[in-house]
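Notes for the one structure printed next.
The values are calculated or read from the model by the stated rules, or taken from the named source; none is laboratory data. Computed from a predicted model, the values in this text were never measured in an experiment. Reconstructed Cβ throughout: ideal geometry from the backbone, glycine too, with neighbour counts over all protein chains shown. Ligands, DNA and RNA are stripped out before the accessible areas are found, and what is left, the full protein with its side chains, is counted by its heavy atoms. Shrake-Rupley method; radii C 1.70, N 1.55, O 1.52, S 1.80 Å.
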Amino acid sequence: QLQLVGSGGGLVQPGGSLRLSCAASGSTLDKYSIGWFRQAPGKEREGVSCISSSGGYAAYTNSVKGRFTISRDNAKNTVYLQMNSLKPEDTAVYYCAAKRLLRLCVLSDEGMDFWGNGTLVTVSS
């Protein structure tokens, strides 16, 4: 079965950058859309970004538009989230998830088929 491993989190100062990785094993990612989600203490989990199975479509929540970029390398079976100009409000545990979807992706955690482990991103001075 598909397994997802999230990594790349850490402590950064405001304005800094991080790149999160979501590496898959057990199956290939080419038939899955991938979403990145985050959950801050005391808040509900929210969708951050998603990318279609081919990489031809991507979506972002408004708060990260222009700062975050999602990409995928199906040959490496990995999806990335490049996070630039980080703000303290970006602090959260970030999760990647996969959904069997061919053309589009959805910024919703409903119906996700597989979830990876969380990786903590802390943005603080």
With springs only between Cα atoms under 10 Å, which of T61, T78, T69 fluctuates most in a Gaussian network model of the chain?
T61
With a 1.4 Å probe and every protein chain left in place, work out the accessible area per residue of the chain in Å², rounded to a whole number.
51
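In the chain, what percent of the accessible surface is made up of carbon and sulfur (1.4 Å probe, ligands and nucleic acids excluded)?
Working: 3000 of 6360 Å².
Of the solvent-accessible surface of the chain, carbon and sulfur hold 47 percent.
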Using the Kirkwood radius over Cα pairs, work out the Stokes-Einstein diffusion coefficient for the chain at 10 °C and 1.306 mPa s, in µm²/s as a whole number.
112
Would you list, by chain and number, the lysines whose Cα falls below 19 Å from the Cα of K65, excluding same-chain residues fewer than 8 positions away?
K87
Just want to confirm a number: the relative contact order over the chain, from Cα pairs under 8 angstrom separated by 6+ residues, in percent.
37
Overall dimensions of the stretch 65-104 by Cα: Rg and Dmax, Å
12.5, 34
Residue among G111, L101, S124 farthest towards the positive dipole end of the stretch 82-125, charges placed on Cβ:
L101
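Residues with beta-carbon under 10 Å from that of A98, excluding A98: net charge, scoring Lys, Arg +1 and Asp, Glu -1? Please list the in-between numbers first.
On the way: positive: K31, K99, R100; negative: D113.
Taking every other residue near A98 into account, the sum is +2.
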Take the stretch 1-71, drop everything but the C-alpha atoms, weight them equally and run the Debye formula without solvent; then report log10 I(q)/I(0) at 0.12, 0.14, 0.27 Å⁻¹ to two decimals.
-0.37, -0.51, -1.43
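Restricting attention to the stretch 1-81, which chymotrypsin sites (Phe, Trp or Tyr not before Pro) occupy a DSSP loop and are surrounded by at most 15 other Cβ atoms within 10 Å? All intermediate terms of the calculation are to be shown ahead of the outcome.
Numbers: sites: Y32, W36, F37, Y57, Y60, F68, Y80; in loops: Y57.
Passing sites in the stretch 1-81 are Y57.
Quick one: putting +1 on the C-beta of Lys and Arg, -1 on the C-beta of Asp and Glu, what dipole do you get for the chain around its Cα centre, in Debye to the nearest 20? Walk me through the numbers before you get to the answer.
Numbers: 13 positive and 9 negative charges, 46 e Å.
For the chain, the charge dipole is close to 220 debye.
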Using alpha-carbon pairs under 8 Å, 6+ residues apart, how would you state the relative contact order of the stretch 17-59 in percent?
31
